[in-house]
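Everything on this sheet refers to the single structure shown next.
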Amino acid sequence: MQKVRWGILGTGFMAHQFARALQQTNNVEIVAVGSRNENTATAFANEFNIPNIHFSYETLVNDKNVDIVYIALLNNHHADYTLLSLNSGKHVLCEKPFAISAEEAKAMVKMSREKKLFLMEAMWTRFLPSILKVKELLNNKVIGNVKKIVADFGILASDNPKDRVNNPWAGGGALFDLGVYNLSLVNYLFGNPIEKNSSVVIGTTGVDISNKITFKYENGAIAELSSCINKETPQQVFIYGENGDIVVHSPWWCSEKVSVYNDGKETQTFNLPNNKYVHEADYVNKCILNGITESHVMPLDESLAIMQTIDELRKNWGLKQ
């Protein structure tokens, strides 16, 4: 069977995580890595037995041996190198957040559709057994109509002002790094909200270090979402329905346990071990091999809608667009 040939842009934490995931999937070759740092590029290539090393991003996206580029760069580089890759005829899996503005996201979607190339935001949580189980339970009305969902994602990140998470020019801040998981989850489960309210704490470097977001949906349901980079939080999801509740246990974004409660008692438990990024990697490979250019699990229109919500929130917070 034909193999999907991957090129990886970047050699940081996510690049390592995804390369390991690719090694656990079928019909795959990692054929190239690109980095501006010769030492890290060489070390990465040696670790994963990658034959082609590029000391610039531009040469990697033009490598004729590459079918698809995985973009694991800083948030502010996602759009530029997605467009560069698409323009070179490469399919793209771009790390979340998809971009740092809706304007960037629109350009990415437009080019992928014009060139009929695969493009997807790497929101890997959507492919986990636990999240797919939650979607199934809600579709089957196991807890009836949903009244409220509460989700949090907070970590104690570096307080070094030079760290990328504190750098507004690199797309730092809680919303871009962590809050996007919450936004993507509720969009996946409930669609677009009709009302949005939020509050924020801005740090000394000009990024949001803590935020709280409330959405209201057409059916009357409410979502309460919070993210922060100055404190570790429980990292759980609670979904309250008219006939019961669902809990996605901590850490919800890679949970291996989902529980259903009725009258305060746990009535169903689903233990769902996962391989984190492997589910997403396997899905993308199948899309490429089958000529699919838009995901039905993480659609481009949803990535765009989420970016539009992020734009709106950041504008309300007085942050640079």
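The values are calculated or read from the model by the stated rules, or taken from the named source; none is laboratory data. Here the structure is a predicted model, which is why all the values come from computation and not from measurement. Counting neighbours? That spans all protein chains shown, and the Cβs are built from the backbone with ideal geometry, glycine included.
Data for the structure
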quantity: Odd one out for Leu73, checked against (1) assigned to a loop (DSSP other than H, G, I, E, B); (2) more than 22 Å from the chain's Cα centre (by Cα); (3) within 30 Å of Ile310 (Cβ to Cβ); calculated: (2)
quantity: Residue list for segment 28-46, filter: in contact (Cβ under 8 Å) with a residue 24 or more places away in the chain and either within 11 Å of Trp6 (Cβ to Cβ) or over 25 Å from the mean Cα position of the chain (by Cα) (or both); calculated: Val28, Glu29, Ile30, Val31, Ala32, Val33, Asn37, Ala43
quantity: Positions within segment 15-41 being in contact with an Asp or Glu (Cβ under 6 Å, 6 or more places away or on another chain) and either under 19 Å from Thr82 (Cα atoms) or modelled with pLDDT under 95 (or both), in sequence order; calculated: Ala32
quantity: Qualifying position, being modelled with pLDDT of 95 or more and either in the same structural domain as Asn166 (by TED's automatic domain parsing) or closer than 28 Å to Lys257 by Cα (or both), among Ala105, Ala122, Ala72, Ala99; calculated: Ala122
quantity: Residues of segment 255-274 classified as touching a Leu at 6+ places or on another chain (Cβ under 9 Å) and either of a type outside the set (Asp, Glu) or under 14 Å from Leu22 (Cβ atoms) (or both), total; calculated: 8
quantity: For Gly89: the one exception among (1) closer than 19 Å to Phe238 by Cβ; (2) free of Cβ contacts under 8 Å to residues at least 60 places away in the same chain; calculated: (1)
quantity: Among residues of segment 132-187, those that are under 15 Å from the mean Cα position of the chain (by Cα), assigned to a helix (DSSP H, G or I) and of a type in the set (Phe, Trp, Tyr), counted; calculated: 2
quantity: Leading residue by the ranking (surrounded by the most Cβ atoms within 10 Å (Cβ to Cβ)) among those in segment 278-302 that are farther than 19 Å from Gly89 by Cβ and of a type in the set (Val, Ile, Thr); calculated: Val278
quantity: Count of residues meeting criterion [within 27 Å of Asn290 (Cβ to Cβ), of a type in the set (S, T, N, Q) and either out of contact with any helix residue (DSSP H, G or I) (no Cβ under 9 Å at 6 or more places or on another chain) or assigned to a loop (DSSP other than H, G, I, E, B) (or both)] in segment 1-48; calculated: 6
quantity: Pair list, Cβ under 6 Å, 6 or more apart: segment 247-266 residue over 17 Å from Lys141 (Cβ atoms) and modelled with pLDDT of 95 or more, other residue of a type in the set (Phe, Trp, Tyr) and not in a loop (DSSP other than H, G, I, E, B); calculated: Val247/Phe238; Trp253/Tyr181
